[in-house]
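The values are calculated or read from the model by the stated rules, or taken from the named source; none is laboratory data. Since we're looking at a predicted model, the values are computed, not measured. When we count neighbours, we look across all protein chains shown, and the Cβ atoms used for this are built from the backbone with ideal geometry, even at glycine.
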Amino acid sequence: MNFELDEQQRDFAATVDAALGAADLPGATRAWSAGDTMPGRKVWAQLAELGVTALMVPESYDGIGAHPVDLVVAMERIGYWCVPGPVAESIAVAPILLAGREEFADQSAGLASGDLIATVAMPPLVARAVDADAAGLILLADRGQARHCVASDRYASIDPSRRLFDVRAAGESWSADVTGAFEFGALATAAQLLGAGQAMLDSAVGYAKQRSQFGVMIGSYQAIKHKLADVLIAIELARPLVYAAALTLADDDPGVSAAAARDVSAAKVAAADAALLAARSALQTHGAIGFTQEHPLSLQLLRVQALRPAWGDATWHRRRVLEALTA
């Protein structure tokens, strides 16, 4: 397989980078944590202008109907910049659950335009919906059926910018591709973890180049070099697995094969492990300042801890890989 992005995809990633890099994402994320979603919604509006929110919406509903690789490209950049909100649920999952339902054409078009933000609960692995108080569309999906819901009890998350809610059914159910929606949710989460890991590595490298101790830049110490090199290796080994999973899902349309499920799980495990290693190494490189609320690294540390168990934890995904290999 060729995992090299084409020129259009590289330009797309650079455009998303430029837009998110110019925004005050740390400020927007902190505001989102405090209940003020307006700065975050402005970021979502920028993503909509770039077509990110329309990636998985079919063209018949004013979407793009993009390739899964394009979704991974966008989600990796979203993870890099730590965009607040239910990005995987709204951009990757909800369009699949609404696909083909003419009665929900307006909702699909709203997702594509960015005017509508969605969140999804999919028990048992996704027991609660993220940011249901900020979403205009709340869906519950299980056993091949989806339905509209309303938010119920609220729960705290290790990441304050990811509020969790129980949901309560508020409408009739319809047949939906719940299996495919789950795989895309897990893939989008893996891509976010990959981007977050890269962001923390870049932050640690930059800090090691300018922080001195005993008159010497800490980046010159072999212990720091080896630690950050291990992170780079982990990220570079995880990235092909994430893109391979996207290609396998694309080849499986329609339906999800055992091979696609295996590849998605492998990608989720590798990306989560790489992001955790990046988080630990970045924090050790920065020292205690990296965990203060004022430092942007703290936002990524909490985001990674929240995303690692999201859409299936490592134990569940490793078991699925093992079952696929031994079948």
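General observations
- In segment 160-192, residue nearest to Gly40 (Cα to Cα) [restricted to those that are surrounded by 17 or more Cβ atoms within 10 Å (Cβ to Cβ) and without any contact (Cβ under 8 Å) to a residue 60 or more places away in the chain]: Arg163
- Residue in segment 17-24 that is surrounded by 22 or more Cβ atoms within 10 Å (Cβ to Cβ) and at pLDDT 95 or above present: no
- Test: Ala238 is crowded, with 22+ Cβ neighbours inside 10 Å, in contact (Cβ under 8 Å) with a residue 60 or more places away in the chain and part of a helix (DSSP H, G or I): no
- Considering segment 136-159, the residues that are within 20 Å of the chain's Cα centre (by Cα) and part of a loop (DSSP other than H, G, I, E, B) include one that is surrounded by the fewest Cβ atoms within 10 Å (Cβ to Cβ), namely Ala156.
- Taking segment 39-122 as the region of interest, the helices (runs of 4 or more DSSP H) fully inside it that hold 2 or more residues being hydroxyl-bearing (Ser, Thr, Tyr) are 105-113.
- Of all the criteria given as (1) touching a strand residue (DSSP E or B) at 6+ places or on another chain (Cβ under 7 Å); (2) within 23 Å of Lys268 (Cβ to Cβ), the one not satisfied by Arg143 is (1).
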